1. Please state which of the following conditions residue 95 fails to meet, knowing it meets all the rest: (1) out of contact with any Ser or Thr (no Cβ under 9 Å at 6 or more places or on another chain); (2) outside any helix (DSSP H, G or I); (3) at pLDDT 90 or above.
2. Pairs, please: C-beta under 6 Å, at least 6 apart or cross-chain, first residue open to solvent by 30 Å² or more (accessible area, probe 1.4 Å) and in segment 99-114, second basic (Lys, Arg)?
3. Quick check on this structure: which one of 78, 92 is at negative phi and within 17 Å of the chain's Cα centre (by Cα)?
4. Of all residues in segment 78-97, which are in contact (Cβ under 8 Å) with a residue 24 or more places away in the chain and open to solvent by 80 Å² or more (accessible area, probe 1.4 Å)?
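The values are calculated or read from the model by the stated rules, or taken from the named source; none is laboratory data. All of these numbers come straight from a predicted model, not from anything done at the bench. Glycine also receives a Cβ, built like all others from the backbone with ideal geometry; neighbour counts cover every protein chain displayed. Areas reflect the complete protein model, heavy atoms only, side chains present, ligands, DNA and RNA absent. Shrake-Rupley method; radii C 1.70, N 1.55, O 1.52, S 1.80 Å.
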Amino acid sequence: MEPPVVDVERQSAKPTDASAASCCPKLQTLKKRADFLRAARAKRLPCAAFLLQARQREADTASGLRVGFTCSKKVGNAVARNRAKRRLRAIARKLLVTHGREGWDYVLVGRPKATATHDFAAMCNDLEAALKKLHGGAQ
């Protein structure tokens, strides 16, 4: 039996797990309802297209940066809610990696008739300003 043929060019084009993690660290996603409820009781920073809720976790569980996304039915039907959450995920990936802090939970809440249609650059600027205000301007 002959060994399988391996396409070396295709293999070398794939990034390794270590190199992919070093270039852009992955945000951990909040999954449990209790985490969302804790964030809802913490600090709130309203923006034009979304609401940012943030809380600092206890020292014993403070590993990594976590983010959650939510859009109620007030945002619209399933298509509109998914579009809004996609846009919130995009701005989180773009800015929370550099402006967020380890040991914090962030929740981005979509707003009706705003999140899905608001200017993307303005949303990024709003999130950056909210994070600077939350963390006192020093990163």
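1. Of (1) out of contact with any Ser or Thr (no Cβ under 9 Å at 6 or more places or on another chain); (2) outside any helix (DSSP H, G or I); (3) at pLDDT 90 or above, only one is false for residue 95: (2).
2. Short answer, once both residue conditions are applied: 112/74.
3. That would be 92, the only listed residue that is at negative phi and within 17 Å of the chain's Cα centre (by Cα).
4. Listed by number, the residues that qualify are 83, 93, 94.
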